[in-house]
Amino acid sequence: MTVEYRRILLKLSGEALMGADSYGINTDVLDFVANEIHEVVELGVQPGIVIGAGNIFRGVAGASKGMDRATADNMGMLATVMNSLAMQDALERRGVITRVMSAIPMQSVCEPYIRRRAVRHLEKGRVVIFAAGTGNPYFTTDSAGVLRALEIDADLVIKATKVDGVYDKDPVIYPDAVKYDNLTYDTVLRKGLKVMDAAGIALAKEDNKPIKVLNMAVAGNIKKAVFGEKVGTLITS
């Protein structure tokens, strides 16, 4: 089989790193995700990664409790750096050369984000983890993931979640929820489906960047996605 998507942007939620824990980073989950990424790197795939911070601090939640939204979002962006460093460590323990690039400069722990340098790292076979979101408050890490995908000219955005695709309603609450195999950007926006925020979907639509939504907890799903196999939900024009 040949790889259909050579360069990908993998968007991971911070909550996914918690596993069954109520807070923080579950090392077993971290190791599992690192193994999944290692497998596709071995195939010659060039992964960029964006990780959320919901396992440590969520800006919107902080703002809802009276905190200034910009301050809360800045705290959330810093939390993504912690997750990114943890993922870098897990990957490098497997021999995968990894670079963390932050949209908020902090040279003592990671590189500043420079698009051309990021692309060069990918071309050299290094995994690049994009930390600190877009570097601006009021933007989610979903939007940051699509933005980085456009900037590095990724072939596919993979949104890794806890469910096996996009449903018409929450499958955890509603047993009769129907899963979509394929969707268009317009349908996602019109129906208000909770795939990622509307700004991220609109960005992807503008460049016709395909988005694959799949279950991160199932071994081999990322590999299936890069081979173009039927897994999860594919969102295109």
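From its DSSP helices (H runs of at least four residues, each -39,500 (n - 2.57)), the chain gives a residue-normalised ellipticity at 222 nm of -11500 deg cm²/dmol. Each peptide among 187-197, 172-182 gets the average number of other Cβ atoms lying within 10 Å of its residues, and from highest to lowest they stand as 187-197, 172-182. Two numbers describe the Cα atoms of the range 23-67: Rg and Dmax, which are 15.2, 47 Å. Sorting the segments 63-73, 119-129, 42-52 by their residues' average number of neighbouring beta-carbon atoms within 10 angstrom, most packed first, yields 42-52, 119-129, 63-73.
Computed over the chain, the Cα gyration tensor eigenvalues convert (square root of 5λ each) into semi-axes of 24, 22, 18 Å, ordered from largest to smallest. Looking at the range 160-237 alone, DSSP beta bridges between its own residues are antiparallel in about 50 percent of cases.
Packing around the peptides 221-234, 98-111, taken as the average count of other Cβ atoms within 10 Å per residue, puts them in this order, highest first: 221-234, 98-111.
Relative contact order of the chain: 23 percent, from C-alpha pairs under 8 Å at least 6 residues apart in sequence.
Note on the range 7-236: antiparallel DSSP beta bridges, both residues inside, total approximately 15 percent of the bridges counted.
None of the figures in this text is laboratory data; all of them are computed from the coordinates on show. It should be emphasised that the depicted structure is a prediction, and the values quoted were computed from it without experimental measurement. Positions of Cβ are generated from backbone atoms using ideal geometry, with glycine treated the same way; all protein chains shown enter the neighbour counts.
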